[in-house]
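Peer 1: This is the structure I want to talk about, given as structure tokens.
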Amino acid sequence: MKSLPGWTIKIDEISNGVFKVTLKDAFGHTAEVIDAATDRTIEKAKSYAFDIEQQVSKNWNLFLYNLCLLTLDGEDISENNYNNQVFGSWLVRSFDNRIVYDGRDSWLIYQNGKTGEWADEVIIKRYDLTYNNFIEIVDRLITRK
């Protein structure tokens, strides 16, 4: 089961059909959800951990880049690049679509290049970025929308 970069995940059945999903990072930050055994419960715990990471991360841009690559593990990626010298900007490309993170302005940008030029389709500012809309953007890259 995939977790978040730098986070471990533990799932315990605490009662019949009720599970505790715990994500913990190396600094002791913890995100926890107790609910029925569903993928939604795990995703909710990941969302909580994502929010914590956004608040305390020393290298948020690298965290997002690694999360993108982890989410796309096994998918056909034609280009990926993280550049610490450009404010931690990065990009991940699959065919005619790409995700760009502008490290200077802290914007996540989904672009389409089917016309030969990159056109912005979605721009999300850092503090509007949630785990769910991040995963939606990454899923768009996979489905080539």
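Peer 1: Just give me the residues in region 22-64 being over 23 Å from Ile109 (Cα atoms) and charged (D, E, K, R), in sequence order.
Peer 2: Those that are over 23 Å from Ile109 (Cα atoms) and charged (D, E, K, R): Lys24, Asp25, Glu32, Asp35, Asp39, Arg40, Lys44.
Peer 1: A follow-up question, please. Collect the residues in region 14-26 that are modelled with pLDDT of 95 or more and not aliphatic (A, V, I, L, M), keeping them in residue-number order.
Peer 2: Within region 14-26, Lys20, Thr22, Lys24, Asp25 meet the criteria.
Peer 1: Does Val92 qualify as being closer than 23 Å to Lys125 by Cβ, free of Cβ contacts under 8 Å to residues at least 24 places away in the same chain and β-branched (Val, Ile, Thr)?
Peer 2: No, not satisfied.
Peer 1: A further question follows. Tell me which of these Ile135 doesn't satisfy, since it passes every other one: (1) of a type in the set (A, V, I, L, M); (2) over 11 Å from the mean Cα position of the chain (by Cα); (3) not assigned by TED's automatic domain parsing to the domain that holds Ile14.
Peer 2: (2)
Peer 1: Output the residues belonging to region 70-116 that are more than 23 Å from Lys2 (Cβ to Cβ), among the acidic types (Asp, Glu) and modelled with pLDDT of 95 or more.
Peer 2: Within region 70-116, Asp102, Asp105 qualify.
Peer 1: I'm checking my understanding of the structure. Among residues of region 14-33 that are of a type in the set (A, V, I, L, M) and farther than 14 Å from Ser47 by Cα, which one is surrounded by the most Cβ atoms within 10 Å (Cβ to Cβ)?
Peer 2: Taking the candidates together, the pick is Val18.
Peer 1: A further question follows. Tell me which strands (runs of 3 or more DSSP E) are completely within region 1-78 and hold 2 or more residues being in contact with an Asp or Glu (Cβ under 6 Å, 6 or more places away or on another chain), or say none if there are none.
Peer 2: 18-25
Peer 1: For the subset of region 34-80 comprising residues that are of a type in the set (Val, Ile, Thr) and surrounded by fewer than 14 Cβ atoms within 10 Å (Cβ to Cβ), which member is farthest from the chain's Cα centre (by Cα)?
Peer 2: The selected residue is Thr38.
Peer 1: Still on this model: Return the only residue of Ile142, Ile124, Ile99 being farther than 21 Å from Gln55 by Cβ and either in a strand (DSSP E or B) or small (Gly, Ala, Ser) (or both).
Peer 2: Ile99
The values are calculated or read from the model by the stated rules, or taken from the named source; none is laboratory data. Quick caveat: nothing in here was measured; it's all calculated off a predicted structure. All Cβ positions, glycine included, derive from the backbone under ideal geometry; neighbour counts span all protein chains shown.
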